[in-house]
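The values are calculated or read from the model by the stated rules, or taken from the named source; none is laboratory data. Everything quoted here is computed from the prediction, not taken from an experiment. Note: ideal-geometry Cβ built from the backbone for every residue, glycine included; neighbour counts use all protein chains shown.
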Ligand SMILES: *[C@@H]1O[C@H](CO)[C@@H](O)[C@H](O)[C@H]1NC(C)=O
Ligand SMILES: *[C@@H]1O[C@H](CO)[C@@H](O)[C@H](O)[C@H]1NC(C)=O
Ligand SMILES: *[C@@H]1O[C@H](CO)[C@@H](O)[C@H](O)[C@H]1NC(C)=O
């Protein structure tokens, strides 16, 4: 993407560059050990692979910045514990890449607020973050991607953003997402895998009309998923991933809104039977598309409880899984035999 460098800054540049020698970056010694790299008028990057909290504070708050609208901020592998109040002064960015800062535990709202109208992506993965100003998301009107995988979040408040498309909270220690009016209408990818979730807020996905991928595997949502836990509302829904959650039962209507091309992964759970009232609507909704139901690694008893799946034309081919006793794939079960024995 071309930078959102405003035309006024261009004009300011053209006007002042000859008169007083406007510099795109501060003098290098004012921002050591970091570096500032102008590629063109519209793209200035700030890189930092070394530096203390106070060095970074000085670089932004005590150096001479003629131009304060930068493209990328990259700060990787630092040993700073926080991005404190005013960390970046008035300097704003389009992308912040703050990855592999293993002791970074907190981000103050004022470190992000100068960028609120410009910031498109925040990559904050592989840190130790347990405090993040989620409450300013509604003000971050350009933000499309927030990646915070592999941090130390334990709780996430109600999130609201009209612009956010990718939200990655994978592999934290999240025990709860706060109940309330979640509103992420533009979200396409929602990653919650590898946390400690035992439930989800009511209606969390029911206004995500553009959702493509919901990844919530490796949590603790079982043993029973209650009615209306996940009422999906997106016609482009492609993946529902709930593997490895210790689930043995879905109440009827626990998961609704599957499209013909939606794949639902429920492998490595604890299902012993496929309750018709719960699963038949799911299997029927994917019957005519490329979607399927992955139930591998569940201990199915292939008795007459499965008759609805085996006898009804086509349904069993939508399901991957095996009978516990004889390792026969569910799709290879013989409808004739079920008709004779179970009806
Ligand atoms: C801030 O900048 C001024 C002028 O460049 C300099 O004299 C001063 O030492 C700097 N402050 C610190 C704490 O480095
Ligand atoms: C939602 O996403 C679309 C497609 O990326 C984008 O054009 C639109 O501006 C977004 N909506 C908001 C409110 O940002
Ligand atoms: C499902 O996928 C097929 C191709 O795999 C595509 O042609 C079709 O339009 C899709 N249907 C929906 C409803 O998205």
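Some notes on this structure:
- Complete set of residues in the stretch 73-94 that are crowded, with 18+ Cβ neighbours inside 10 Å and away from ligand 2 (no atom under 16 Å from the Cβ): 73, 74, 75, 78, 80, 83, 87, 88, 89, 91, 92, 93
- Test for residue 113: is it modelled with pLDDT of 95 or more and in contact with a strand residue (DSSP E or B) (Cβ under 8 Å, 6 or more places away or on another chain): no
- Just one of the listed residues (253, 314, 246) is at pLDDT below 95 and on the phi > 0 side of the Ramachandran plot, namely 314.
- Residues of the stretch 270-293 satisfying the condition of being away from ligand 3 (no atom under 16 Å from the Cβ) and either closer than 17 Å to residue 221 by Cα or in a loop (DSSP other than H, G, I, E, B) (or both): 270, 271, 272, 273, 274, 275, 278
- Scanning the stretch 144-163 for residues that are part of a loop (DSSP other than H, G, I, E, B) and in contact with a helix residue (DSSP H, G or I) (Cβ under 7 Å, 6 or more places away or on another chain), we see that the one that is farthest from residue 202 (Cα to Cα) is 161.
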